[in-house]
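Asks: One structure, pasted below without further comment.
The values are calculated or read from the model by the stated rules, or taken from the named source; none is laboratory data. What you see is a predicted model; the values in this text were computed from it and never measured. Methodologically, a virtual Cβ is constructed for each residue, glycine included, from the backbone with ideal geometry; neighbour enumeration extends over all protein chains shown. What goes into the accessible areas is simple: the full protein's heavy atoms, side chains included, and nothing from ligands, DNA or RNA. Shrake-Rupley method; radii C 1.70, N 1.55, O 1.52, S 1.80 Å.
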Amino acid sequence: MMAGVGGGNDFQWCFSQVKGAIDEDVAEADIISTVEFNCSGELLATGDKGGRVVIFQREQESKNRLLSRGEYNVYSTFQSHEPEFDYLKSLEIEEKINKIRWLPQQNAAHFLLSANDKTIKLWKISERDKRAEGYNLKDEDGRLRDQFRITTLRVPVLMPMDLMVEASPRRIFANAHTYHINSISVNSDYETYLSADDLRINLWHLEITDRSFNIVDIKPANMEELTEVITAAECHPHQCNVFVYSSSKGTIRLCDMRAAALCDRHSKFFEEPEDPSSRSFFSEIISSISDVKFSHSGRYMMTRDYLSVKVWDLNMENRPVETYQVHEYLRSKLCSLYENDCIFDKFECCWNGSDSAIMTGSYNNFFRMFDRNTRRDITLEASRENSKPRAMLKPRKVCTGGKRKKDEISVDSLDFNKKILHTAWHPKENVIAVAATNNLYIFQDKIN
């Protein structure tokens, strides 16, 4: 049973772990670019700008170590993507991992999809703790033996060895995106998945790498007439024919693949009418949706724009049922955020396992949680200053003007280089993972 997000009589969050170096000078390659729990929450994957994937596994609890309840430790690290060069377009393709999505576990091995700007790879992560010995045709060190000297046949045997975790690329899905991939989403049939770039969405079969079906194409015949781009896309968690995609104009389209092979005509169109009184030069930029996520139940979806998170009921298209202000105090700072390009930052959002709470990031290494039942919200900080095991996280408050209270931080002293774009919530428990530049913080509720 999931409780609320903190404050009042709800539980509190406390520090569990932090991964990553403390260095002041952070290498660009070490910046975390995606975070994802697997379906059971036992594995946690991160991707970074250097094209690496690091998988953490939760340790089994032991009787004498009750305090360090199920810590996450490195399970496997591998280079998923390398930098490439597109010679036709004279473009460098960076190795940065844009998205990781786990497939549901079917056997002892784990599978995940990882994507950079152009290529998606299906990785198999498996364990090996035995090796074959006693070959007929080769020596123990692997050299081939002279066939004429083999006078007896022996049956090779499996001998125990130290546990080895291997990551091997099983499929490479390439050459299907002209523009940068921003989303991948595994379908509920577990056979297909979709990938989206700025102008197109493709549907793939997990077994077939040389072709995909284009299901959305918003590219105009004349590129000068381009008015919007696709910013995110996701498959419905239970209906394999339904998916949604969001746009830079702040709209969301829900499409049904049963209606037509090319989903140019949406089934539903979600848009909140703009309040004319609050219109400004920045209205269009800040209304662009950076993330869209279905609730686990499949009844709601959540969208994140620059200043807010909105929850939509799929049965009501004309306005969201809930709106949560993430950092409304930045509205007066949009001019300077435009000048330093922060206004284009793409914040993600996530649901807890029971859809009763949502989480998203902000600046100054702050992240926000909203309890949908009590309508309470809380601001917490991912920081090493409070990184003693089980240390309680103190709620943070931002002062917008007037006299600043002792515990408050002024808007003008927020650090806009410290931003939390990527967060993940354990699917079954109150354990969260928060990426802050090159560090991964793991927090849990105090009850645990």
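Asks: Would you be able to tell me the number of residues in the stretch 187-197 that are in a strand (DSSP E or B) and surrounded by 21 or more Cβ atoms within 10 Å (Cβ to Cβ)? Working first, answer last.
Replies: First, the residues of the stretch 187-197 that are in a strand (DSSP E or B): 192-196.
When the remaining residues are screened for being surrounded by 21 or more Cβ atoms within 10 Å (Cβ to Cβ), the result is 193-196.
Within the stretch 187-197, residues that are in a strand (DSSP E or B) and surrounded by 21 or more Cβ atoms within 10 Å (Cβ to Cβ) number 4.
Asks: Looking at (1) assigned to a loop (DSSP other than H, G, I, E, B); (2) modelled with pLDDT of 95 or more; (3) open to solvent by 20 Å² or more (accessible area, probe 1.4 Å), which is the only condition ARG171 fails?
Replies: Against the list (1) assigned to a loop (DSSP other than H, G, I, E, B); (2) modelled with pLDDT of 95 or more; (3) open to solvent by 20 Å² or more (accessible area, probe 1.4 Å), ARG171 comes up short only on (1).
Asks: Among all residue pairs at least 6 apart or on different chains, which show Cβ distances below 7 Å where the first residue, located in the stretch 123-143, is free of Cβ contacts under 8 Å to residues at least 24 places away in the same chain and the second is of a type in the set (Lys, Arg)?
Replies: Hits for this filter: GLY134/ARG154; ASN136/ARG154; LEU137/ARG145; LYS138/ARG145; ASP139/ARG145.
Asks: Continuing with this model, one more query. Test of understanding: among GLU328, GLU339, which residue is without any contact (Cβ under 8 Å) to a residue 12 or more places away in the chain, within 23 Å of LEU414 (Cα to Cα) and out of contact with any His (no Cβ under 9 Å at 6 or more places or on another chain)? Walk me through how you get there before you give the answer.
Replies: Working: GLU328 fails: without any contact (Cβ under 8 Å) to a residue 12 or more places away in the chain.
Being without any contact (Cβ under 8 Å) to a residue 12 or more places away in the chain, within 23 Å of LEU414 (Cα to Cα) and out of contact with any His (no Cβ under 9 Å at 6 or more places or on another chain) holds for just one of GLU328, GLU339, which is GLU339.
Asks: Answer with yes or no whether ARG154 is part of a loop (DSSP other than H, G, I, E, B), of a type in the set (Lys, Arg), closer than 30 Å to ASN38 by Cβ and open to solvent by 100 Å² or more (accessible area, probe 1.4 Å). Reasoning before the result, please.
Replies: Values: part of a loop (DSSP other than H, G, I, E, B): yes; of a type in the set (Lys, Arg): yes; closer than 30 Å to ASN38 by Cβ: no; open to solvent by 100 Å² or more (accessible area, probe 1.4 Å): yes.
No, not satisfied.
Asks: Please verify whether the stretch 406-417 includes one or more residues that are polar (S, T, N, Q), farther than 17 Å from LYS333 by Cβ and in contact with a strand residue (DSSP E or B) (Cβ under 7 Å, 6 or more places away or on another chain).
Replies: Of all residues in the stretch 406-417, those polar (S, T, N, Q) come to 410, 413, 417.
With the extra rule that they be farther than 17 Å from LYS333 by Cβ, the set shrinks to none.
The answer is no, given that none of the residues of the stretch 406-417 is polar (S, T, N, Q), farther than 17 Å from LYS333 by Cβ and in contact with a strand residue (DSSP E or B) (Cβ under 7 Å, 6 or more places away or on another chain).
Asks: Of all residues in the stretch 198-216, count the ones that are assigned to a loop (DSSP other than H, G, I, E, B) and surrounded by 23 or more Cβ atoms within 10 Å (Cβ to Cβ). Spell out the reasoning first.
Replies: Within the stretch 198-216, the first condition is being assigned to a loop (DSSP other than H, G, I, E, B), and the residues that meet it are 198-199, 206-212.
With surrounded by 23 or more Cβ atoms within 10 Å (Cβ to Cβ) added as a condition, the list becomes none.
So the count comes out to 0.
Asks: Of all the residues that make up the stretch 21-37, how many are open to solvent by 10 Å² or more (accessible area, probe 1.4 Å), of a type outside the set (A, V, I, L, M, F, W, C) and at pLDDT 90 or above?
Replies: We begin by selecting, within the stretch 21-37, every residue open to solvent by 10 Å² or more (accessible area, probe 1.4 Å); these are 21-32, 36-37.
Right, trim to of a type outside the set (A, V, I, L, M, F, W, C) and you get 23-25, 28, 30, 36.
From what's left, at pLDDT 90 or above: 28, 30, 36.
Of the residues in the stretch 21-37, 3 are open to solvent by 10 Å² or more (accessible area, probe 1.4 Å), of a type outside the set (A, V, I, L, M, F, W, C) and at pLDDT 90 or above.
Asks: Let me ask something else. Residue check: is PHE243 open to solvent by less than 50 Å² (accessible area, probe 1.4 Å), assigned to a strand (DSSP E or B) and hydrophobic (A, V, I, L, M, F, W, C)?
Replies: yes
Asks: Would it be correct to say that GLU234 is closer than 22 Å to PHE347 by Cα and either outside any loop (DSSP other than H, G, I, E, B) or of a type in the set (Ser, Thr, Tyr) (or both)? Full working, then the answer.
Replies: Numbers: closer than 22 Å to PHE347 by Cα: yes; either outside any loop (DSSP other than H, G, I, E, B) or of a type in the set (Ser, Thr, Tyr) (or both): yes.
Yes, satisfied.
Asks: Related question: Somewhere in the stretch 273-288, is a residue surrounded by 14 or more Cβ atoms within 10 Å (Cβ to Cβ), in contact with a Ser or Thr (Cβ under 8 Å, 6 or more places away or on another chain) and of a type in the set (A, V, I, L, M, F, W, C)?
Replies: Taking every residue of the stretch 273-288 in turn, none turns out to be surrounded by 14 or more Cβ atoms within 10 Å (Cβ to Cβ), in contact with a Ser or Thr (Cβ under 8 Å, 6 or more places away or on another chain) and of a type in the set (A, V, I, L, M, F, W, C).
Asks: Kindly indicate the residue of the stretch 75-111 that is polar (S, T, N, Q) and farther than 19 Å from ILE32 by Cβ and also modelled with the lowest pLDDT among those meeting that condition. First the steps, then the outcome.
Replies: From the stretch 75-111, those polar (S, T, N, Q) are 76-77, 79-80, 90, 98, 105-107; that's our starting set.
Restricting the remaining residues to those that are farther than 19 Å from ILE32 by Cβ gives 90, 105-107.
Numbers: SER90: 88, GLN105: 93, GLN106: 92, ASN107: 92.
Here the answer is SER90.
Asks: I would also like to ask the following. Do you know which residues across the stretch 421-433 are open to solvent by less than 40 Å² (accessible area, probe 1.4 Å) and over 25 Å from LYS333 (Cα atoms)?
Replies: ALA424, TRP425, HIS426, PRO427, ASN430, VAL431, ILE432, ALA433, listed by residue number.
Asks: Hey, another quick one. Kindly state which strands (runs of 3 or more DSSP E) lie completely within the stretch 307-420 and contain at least 1 residues that are among the small types (Gly, Ala, Ser), open to solvent by 20 Å² or more (accessible area, probe 1.4 Å) and more than 23 Å from VAL18 (Cβ to Cβ). Write out each step before concluding.
Replies: Numbers: elements: 308-313, 322-325, 349-351, 357-361, 366-371, 377-381, 397-399, 408-410.
The strands (runs of 3 or more DSSP E) meeting that bar are 408-410.
Asks: Run down GLU36, GLU94 and say which single residue is among the acidic types (Asp, Glu), within 18 Å of GLU429 (Cβ to Cβ) and touching a Gly at 6+ places or on another chain (Cβ under 9 Å). Walk me through it before giving the result.
Replies: Values: GLU94 fails: within 18 Å of GLU429 (Cβ to Cβ).
Sole residue among the options that is among the acidic types (Asp, Glu), within 18 Å of GLU429 (Cβ to Cβ) and touching a Gly at 6+ places or on another chain (Cβ under 9 Å): GLU36.
Asks: If ARG131 passes every condition in (1) touching a Gly at 6+ places or on another chain (Cβ under 8 Å); (2) open to solvent by 90 Å² or more (accessible area, probe 1.4 Å) but one, which one does it miss?
Replies: ARG131 satisfies all of (1) touching a Gly at 6+ places or on another chain (Cβ under 8 Å); (2) open to solvent by 90 Å² or more (accessible area, probe 1.4 Å) except (1).
Asks: Still on this structure, I have one more. For the stretch 138-151, give me each residue that is open to solvent by 80 Å² or more (accessible area, probe 1.4 Å) and of a type in the set (Lys, Arg).
Replies: Hits for the stretch 138-151 are ARG143, ARG145, ARG149.
Asks: Would you point out the residue of the stretch 254-270, among those that are open to solvent by less than 80 Å² (accessible area, probe 1.4 Å) and of a type in the set (D, E, K, R), that is farthest from TRP204 (Cα to Cα)?
Replies: Selected residue: LYS268.
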